[in-house]
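The numbers here are math on the coordinates, done by the rules we state, and not lab data. Predicted model only: the values in this text are computed from it and were never measured. A quick note on method: Cβ atoms are made from the backbone with ideal geometry, for glycine too, and the neighbour counts reach across all protein chains shown.
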Amino acid sequence: MASPLTVEIAVRKFGERTALGGASFELRTGEIRLLIAHWMFYTLMGVSQIGLMRVFASVAFGLDLWHFLQLAGSAIMAFVSSMASSAFILMVATLCRSRKQFEGLPTILILFMSTPGGSMMHRFIILRFVLDLSHVTSNSWAMDGFRDVFWHHIPGENIFLSIAVEVGVFLAMTAGFLAAASVFSRRRDVK
């Protein structure tokens with residue numbers, strides 16, 4: 001599998017972007033490869049950040065987080081939540097028309113998603129209709145998945161079945177966001 005840097009260098013070196021900006025097959029193939037390469041890079045960066053937070057929590061707070069089922073469950077949740085988050089930010093990046101627009105829009109969207117999603121306040125004190133609305137955000141599904149792994153897991157039960165719904169939702173979000181990013185990048189090339 002090629003690294004994101006290798007794919008980007010290849011796209012620029014072999015000139016799959018036409019000077020006229022037409023939507024040729026080579027142009028689309030290069031853009032999709034570049035989009036996937038960026039998505040893979042940001043996904044791996046997200047997984048490594050979550051792993052680093054786990055190590056810090058274990059060392060700084062003395063938490064015992066090193067059981068096999070918790071490691072496996074949190075690794076799966078870290079991977080699928082990073083996949084969806086990376087796809088979301090790529091969708092927003094292809095939706096924005098300028099760099100200035102991209103500097104402000106993601107901040108507003110992330111703050112909007114974090115509040116009902118449970119990142120800024122506990123979800124048990126949120127009103128019922130806001131709690132129902134929060135299932136639109138990826139933060140809500142991530143909080144539910146990690147809570148199932150660390151706090152609500154009953155020993156003897158299959159941890160993978162307890163997070164299956166969250167994993168399925170994240171995979172669907174990833175596919176939807178990547179498809180939207182591909183459409184938005186195509187729309188920009190046609191204009």
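When SER81, SER138, SER48 are arranged by Cβ crowding within 10 Å, least crowded first, meaning fewest neighbours, the order is SER48, SER138, SER81.
Can you sort GLU103, GLU31, GLU166 from fewest to most other Cβ atoms within 10 Å of each residue's own Cβ? Let's see the in-between values first.
Details: GLU103 10, GLU31 21, GLU166 24.
Going from sparsest to densest Cβ surroundings: GLU103, GLU31, GLU166.
Which net charge results when you count Lys and Arg as +1 and Asp and Glu as -1 among the other residues whose beta-carbon is under 15 Å from that of LEU131? Surrounding charge for LEU131 is +1. Averaging Cα coordinates gives a centre for the stretch 152-191 and one for the stretch 85-128; these two points are 16 Å apart.
Mind sorting HIS122, HIS153 by how few other Cβ atoms lie within 10 Å of their own Cβ, fewest first?
Working: HIS122 8, HIS153 18.
Taking fewest neighbouring Cβ atoms as first place, the list is HIS122, HIS153.
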